[in-house]
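Just so you know, all these numbers are worked out from the coordinates, no wet-lab data involved. In this text, all values refer to a predicted model and were calculated from it rather than measured experimentally. Note that each Cβ is placed from the backbone with ideal geometry, even for glycine, and that neighbours are counted across all protein chains shown.
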């Protein structure tokens with residue numbers, strides 16, 4: 001009986017994909033925050049301001065602070081590393097979801113999650129890669145909603161599709 005069980009392993013792959021997706025989302029948020037911080041530090045530098053003890057928490061000096069907290073180049077480097085890690089986590093999520101797809105008999109929720117991963121990766125990527133992920137996201141969203149017009153999550157998934165079609169290409 002255990003040898004014929006495909007549902008259990010399928011769910012295990014799906015859970016792995018879910019964990020990778022959450023990691024990708026967290027890393028994407030870090031990317032955005034670090035990019036904004038790098039921009040802020042650059043603007044402060046252009047204004048002739050330096051990051052000194054007056055701008056840092058009590059007891060923290062520019063020398064003791066993490067470089068990404070006080071230097072725009074270091075903040076951008078940290079953002080780039082977070083982006084790369086987010087994309088890697090996204091790839092891991094897609095691999096796990098693809099492994100879960102057949103055992104779970106193309107469960108629509110997996111396709112919604114695959115679409116979410118591709119959507120996230122489209123936003124983290126540029127050029128041809130962004131376009132490819134946006135296209136893949138549209139396909140997976142459409143698979144997820146096919147024949148489910150009355151489901152309560154369908155309007156949300158349709159909004160996600162619409163955001164992909166109106167999002168300017170990077």
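Take every Cα pair under 8 Å whose residues are at least 6 apart in sequence, average their separation, divide by the length of the chain, and the relative contact order is 25 percent. A simple spin-label model places pseudo-atoms 7 Å from Cα toward Cβ; at residue 12 and residue 29 they are separated by 3.0 nm. Here the alpha carbons of the chain define both size measures, Rg and Dmax, at 20.5, 71 Å.
Once each part is reduced to its C-alpha centroid, what is the distance from the range 91-170 to the range 10-73 in angstrom? So the two Cα centres are separated by 28 Å. If a paramagnetic tag sat 7 Å from the Cα of residue 153 along the Cα-Cβ line, which residues of the range 21-45 would have the backbone N under 19 Å from that point? Of the residues in the range 21-45, 21-26 have backbone N under 19 Å from the label point off residue 153. Each of 11, 119 was scored by other Cβ atoms within 10 Å of its Cβ. Arranged with the fewest first, they read 11, 119.
Where only DSSP H runs of four or more residues are counted, the chain gives -25000 deg cm²/dmol as its mean residue ellipticity at 222 nm, each run worth -39500 (n - 2.57).
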